[in-house]
Every structure is written in C-alpha cells, then in structure tokens.
C-alpha cells in the first residue's frame, strides 16, 4: 500500500517520484511486490479540512488499511504522520530541510520561522519517522542525517532512478539557443539554488546563460536580470519548459551549471548526464554524490568555474556511463532488497 496526503501534481518533485513508484509497482518492475492500493486525497483550499485529513482521518485510514497489506510505504517524509503504530512501514525521505532547518555558508536552509500549528505538525512528522520500520533515503547525506536524528530506525540509501531511454531520443536544437557557448541553469530563485552565483560566473564571458524554471516571483526575476546587466552576463530567461523541451535543451547545451548549496538529491545534473552533457556542480550535499569527480567544483570559487567552462569538451560517453548507475533496473533491485529486509 502506498500512502500520501494530498495528490500532488506528477510534474512536481515529490509528486513525480510518487507517480513513478506507482507506475513501477503496477508494471511489475519491483519483482515480488505488487500495488494493493493508494491512499491519497484531493487537495483542499479549506485549512480546517486539510488539518483534519492530515492529523485525524488520514492516519486513521492508514492504520485501518495497513492491516490488510504486507507493507505500507509513505512516499515522502512530510507525510510521515501517517505511519501506523504497528505494521511494516516504509517512509521515503527526500530531505530533512524543513524538519531540521540549518544554515550553510550564510544561506538559510528550510523554514526558520514556524507557526504553532506547524510546530505541532513537525512533532507528528518526527514521531512518525521514529515509528517507521525503514527509512529509504535518496542520498547518502540524508541517510547519515536520518541515522543521527532517528537512531535505531533502519535506513537504506536508494537514489532516484532515471529513464535513460527518454533522454536518448533525437531532438532538434532549441530555436532560442544562440551561436557560441550555451549554458543552462535550472531551478527556482530560492537562495540555496544560487542562480545569482551562476550569473556572476558568466559575467564578462562570451557565453549565453539560459535560466530554466518558473520564477519564484516577479521581484526575484527582476533582481537576477538586474544583476546580469550589472556584471555583463548574457542571461536568457526561458522559464518553465515541457519535459520534451527540457531534454532538447539538455542535449544541445554545452554544459549545465548547478551551483546549489543544498539538495535532497539534485536531479538536473543526472538529467544532463543522461543527455550526454557535462554538469558542473558545486561541492555540496547531496548533489555532489552524482557527478564525476572533475565536474565537482568549490562552491564559491568563481575563477575555477570560469576555467572549467573554458575547458569544456565532449564527454558524452563518460557522463552517459555514469548515468547508467542510476538506471531504473538498478533502482528496482535496490528497492526489492529494501522491502525484503522487512521480512
């Protein structure tokens, strides 16, 4: 049985990984295990109804339904309040940013100001994680933190999988690419993503930096455009792309810049690798677990990033080989082993 709260869009991060797990169980990719049912509900704009479902009816239903299944798998840590008191229960932990806020290099990670209601919610989430039979962590960094925060709870590291065939399709070069070197930066303007650093790196260089991803706000967009103008960076604000358009951009780009200071996993570098494209990545958890060693750069050394861009070369065979470590087949074998460990 898979369980979550509100049915998030399959195009969101948490929603996408939930949807992928549903599909892989339904199609028999997780040998020896099949999907009994999915517990979820439609999102509501009524805050009282949301709290009722999250704190009362959702956990009650999960407790009752879990008795008829061998395993209940909660698909993200924010829904850990659903973990029953007794049953074989699994929680996928993508990150612990909002459960245990921190600060890295002067950048605040997670929610540092929480309401009384959210504080109670966090207690329920943490208690649920402590009750779980197994925590499946998407990175080694998150696994280490879970072992520290929830001693005695079994953990397994199972990185996200990527559909390698989807990124090997033939595509046309995006019409908005320019002549010369085209670089990508993917993500929101959230401070930890450090899009501003990528802009500073490209300032004064003969390159075009394409910013992909829906903006957090009009204000944040304008701030980055102003910064680009100040440092003489050719910044092309692309915005949100459909999946097929994203693959085309990744395939035809000279490199992806990923200067984030904190990630639960960091999918864009893996997507770049699967597309045959270099990803230059800041040396910070947990995305530094993905790239080849020479693609990991000091997170604040602008000159080293510029040098790496100037020395870019075709490494498509090497990066695709690395991406194969994150194949769906490898993911399935790891998940089967994790489920088996419950018995």
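The values are calculated or read from the model by the stated rules, or taken from the named source; none is laboratory data. Note that the structure is a prediction, hence the values are computed from the model and not measured. Cβ: placed from backbone, ideal geometry, glycine included. Neighbour counts: every protein chain shown.
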How many of the residues making up region 190-207 are closer than 25 Å to residue 283 by Cβ and either touching a strand residue (DSSP E or B) at 6+ places or on another chain (Cβ under 9 Å) or assigned by TED's automatic domain parsing to the domain that holds residue 108 (or both)?
-> 12
Given the structure, is residue 271 in contact (Cβ under 8 Å) with a residue 40 or more places away in the chain, under 19 Å from the mean Cα position of the chain (by Cα) and either closer than 27 Å to residue 157 by Cα or surrounded by 14 or more Cβ atoms within 10 Å (Cβ to Cβ) (or both)?
-> yes
Within region 38-48, the count of residues that are in a loop (DSSP other than H, G, I, E, B) and over 25 Å from the mean Cα position of the chain (by Cα) comes to 2
In region 208-222, what count of residues is obtained for those that are surrounded by fewer than 19 Cβ atoms within 10 Å (Cβ to Cβ) and more than 25 Å from the chain's Cα centre (by Cα)?
-> 1
In this structure, is residue 226 touching a strand residue (DSSP E or B) at 6+ places or on another chain (Cβ under 8 Å) and either over 21 Å from residue 288 (Cα atoms) or part of a strand (DSSP E or B) (or both)?
-> no
From the list 133, 139, 175, 188, which residue is under 25 Å from residue 270 (Cβ atoms) and modelled with pLDDT of 95 or more?
-> 139
Within region 46-75, how many residues turn out to be over 19 Å from residue 33 (Cβ atoms) and touching a residue at least 12 places away in the same chain (Cβ under 8 Å)?
-> 9
Scan region 191-214 for residues that are part of a loop (DSSP other than H, G, I, E, B) and touching a helix residue (DSSP H, G or I) at 6+ places or on another chain (Cβ under 9 Å) and jot them down.
-> 203, 204, 205, 213
Just a yes or no: is a residue in region 166-188 under 25 Å from the mean Cα position of the chain (by Cα) and part of a helix (DSSP H, G or I)?
-> yes
Answer yes or no as to whether residue 173 is in contact (Cβ under 8 Å) with a residue 60 or more places away in the chain and exposed (fewer than 15 other Cβ atoms within 10 Å of the Cβ).
-> yes
Do any strands (runs of 3 or more DSSP E) lying entirely in region 96-164 carry at least 1 residues that are assigned by TED's automatic domain parsing to the domain that holds residue 290, at negative phi and in contact (Cβ under 8 Å) with a residue 24 or more places away in the chain, and which ones are they?
-> none
